[in-house]
Amino acid sequence: MDFALSPEAEAVFDMARDVGRAEIAPHAREWEREGTIPRALWPKLAELGFGGLYVSADKGGSGLSRLEATLVFEALSQSCPSVAAFLSIHNMCAKMIELYGSEDLQERFLPRALTMESFFSYCLTEPGSGSDAAALKTRAERTNDSYALTGTKAFISGGGYSDAYIVMCRTGEAGPRGVSAVIIEDGAPGLSFGGLEDKMGWRSQPTRQVQFDACVVPAENLLGEEGHGFRYAMAGLDGGRLNIAACSLGAARAALSATLGYMAERKAFGQSIDQFQALQFRLADMEIELEAATVLLRQAAWKLDTGAADATKACAMAKKFVTEAGSRVVDQCLQLHGGYGYLADYGIEKLVRDLRVHQILEGTNEIMRLIVARQMLAAR
Ligand SMILES: Cc1cc2nc3c(=O)[nH]c(=O)nc-3n(C[C@H](O)[C@H](O)[C@H](O)COP(=O)(O)OP(=O)(O)OC[C@H]3O[C@@H](n4cnc5c(N)ncnc54)[C@H](O)[C@@H]3O)c2cc1C
């Protein structure tokens, strides 16, 4: 068993870390204040292949493994987890278009997704259905050559910002088999947006409701087949969960590294605070947690890459463990900064706020436990 990253994987990590330091970190607080991320950032990331990280190379993507892709999110999150997580959603959509889109859809949408001239959002959650996503109510009525969508999507990252939306909607019976997925472009008649949500973290990402009032979508914008949309939506989530976990890991590593530096300089009772054994033990505990989180995340990514039978369970375990470990570590880092940790200038309080939502989305951590427990019970 070899636990080392390949030189290629190390190079992917370094490239993402460096572009994050140059293009994201210096602006992350300003973007948070403004509540948006400038569009000019995306083509710079797309030049490095970040618009289609795991879209296959023959379709113009980077063709990275899921493991390598997690390294991109881990590295970018050292600069800003909110920006990194936003990029993950776009990548999930790009992969859905590659996997399920007709040739026509791929031709129309994939090139712009890869260059990031177009940014994509993923619309599953509704005001009345989050964890129980298959209960969604947004209705798509088929006419001769189009669908008319009526309903509301809630909490949509990039709502009112994105150029196109992959929308899960009901074309048939109740439950998952009645769900289809369509691509709706910004400006479609009947498409509108709610107000900007005022959030605890991820504040640079605009989050809004996405509303459809007999919104007209050409029939050829259907992804794959009618009635398969829920399966498509779920298929993207194993990898999405790894990406979110990677965002927690990268941010927690950055916080721990900043804390080590701070503790060497901060003096109390005549010595630097890193000389107190009680605090050294906390450092050790954080390092152990992050190492365990890293191993679990890499193993889950490897299982997804190799098509292991228990990949979904592994991704759920990693998502739960890493996002909770990440939040515990950034909270401890804030504590070790004392009052300064609470000030925005030190960069730690933002991480505490940004990471909290990782326990809620891409399936809550309760749903992650549900996935793990169901597999355990089925395998008895
Ligand atoms: C900032 C932000 C961005 C988001 N971005 C997107 C996006 O881009 N696209 C999108 O589609 N969605 C997005 N979401 C929505 C997110 O995926 C949902 O909030 C999440 O799935 C939980 O759904 P809910 O909020 O309706 O909570 P609920 O499902 O109502 O859950 C409430 C509580 O009950 C628990 N619970 C529910 N069912 C069970 C069960 N069976 N067993 C045990 N516990 C259970 C949950 O874990 C939770 O603690 C975003 C959310 C946030 C906060």
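The values are calculated or read from the model by the stated rules, or taken from the named source; none is laboratory data. Because the structure is predicted, anything quoted here is derived from the model rather than measured. Cβ sites come from the backbone with ideal geometry, for glycine too, and all protein chains shown count toward neighbours.
Of the helices (runs of 4 or more DSSP H) lying entirely inside the stretch 53-124, those containing at least 2 residues that are within 16 Å of the ligand (Cβ to nearest atom) are 66-77, 81-100.
Being over 16 Å from Ile97 (Cα atoms) and in contact (Cβ under 8 Å) with a residue 60 or more places away in the chain is a description that applies to Thr152. Give me the residue from the stretch 210-245 that is in a helix (DSSP H, G or I) and charged (D, E, K, R) and, out of that set, nearest to the chain's Cα centre (by Cα). Taking the candidates together, the pick is Arg241. Could you check the stretch 327-380 and list, in sequence order, the residues that are more than 11 Å from the ligand (Cβ to nearest atom), part of a loop (DSSP other than H, G, I, E, B) and over 27 Å from Asp274 (Cα atoms)? Scanning the stretch 327-380 gives Ala379, Arg380. Of all residues in the stretch 158-181, those satisfying the criterion of being out of contact with any Phe, Trp or Tyr (no Cβ under 6 Å at 6 or more places or on another chain) and in a strand (DSSP E or B) are Tyr165, Val167, Met168, Cys169, Arg170, Ser180. If the condition is being of a type in the set (D, E, K, R) and either within 18 Å of Leu290 (Cα to Cα) or crowded, with 16+ Cβ neighbours inside 10 Å (or both), then the stretch 327-366 contributes Arg328, Asp331, Glu349, Lys350, Arg353, Asp354, Arg356, Glu362.
Hey, among Gln211, Gln277, Gln299, which residue is within 22 Å of Gly338 (Cα to Cα) and modelled with pLDDT of 95 or more? Even if it seems obvious, please write down each step before you answer.
Values: Gln211 fails: within 22 Å of Gly338 (Cα to Cα); Gln299 fails: within 22 Å of Gly338 (Cα to Cα).
Residue meeting the stated conditions: Gln277.
Of all residues in the stretch 310-326, at least one satisfies being more than 16 Å from the ligand (Cβ to nearest atom), surrounded by fewer than 19 Cβ atoms within 10 Å (Cβ to Cβ) and more than 19 Å from the chain's Cα centre (by Cα). The residue that is farthest from Gly158 (Cα to Cα), among those in the stretch 129-139 that are more than 22 Å from the chain's Cα centre (by Cα) and within 16 Å of the ligand (Cβ to nearest atom), is Ala135.
Filter the stretch 141-163 for residues that are of a type in the set (A, V, I, L, M), in contact with an Asp or Glu (Cβ under 7 Å, 6 or more places away or on another chain) and within 13 Å of the ligand (Cβ to nearest atom) and give the result. Show your work before the answer.
So the first thing to find is which residues in the stretch 141-163 are of a type in the set (A, V, I, L, M), and the list is 148-149, 154, 156.
In the following step, the residues that additionally are in contact with an Asp or Glu (Cβ under 7 Å, 6 or more places away or on another chain) were identified as 148, 154.
Listed by number, the list holds a single entry, Ala154.
Of all residues in the stretch 29-45, those being surrounded by fewer than 20 Cβ atoms within 10 Å (Cβ to Cβ) and either assigned to a helix (DSSP H, G or I) or in contact (Cβ under 8 Å) with a residue 60 or more places away in the chain (or both) number 11.
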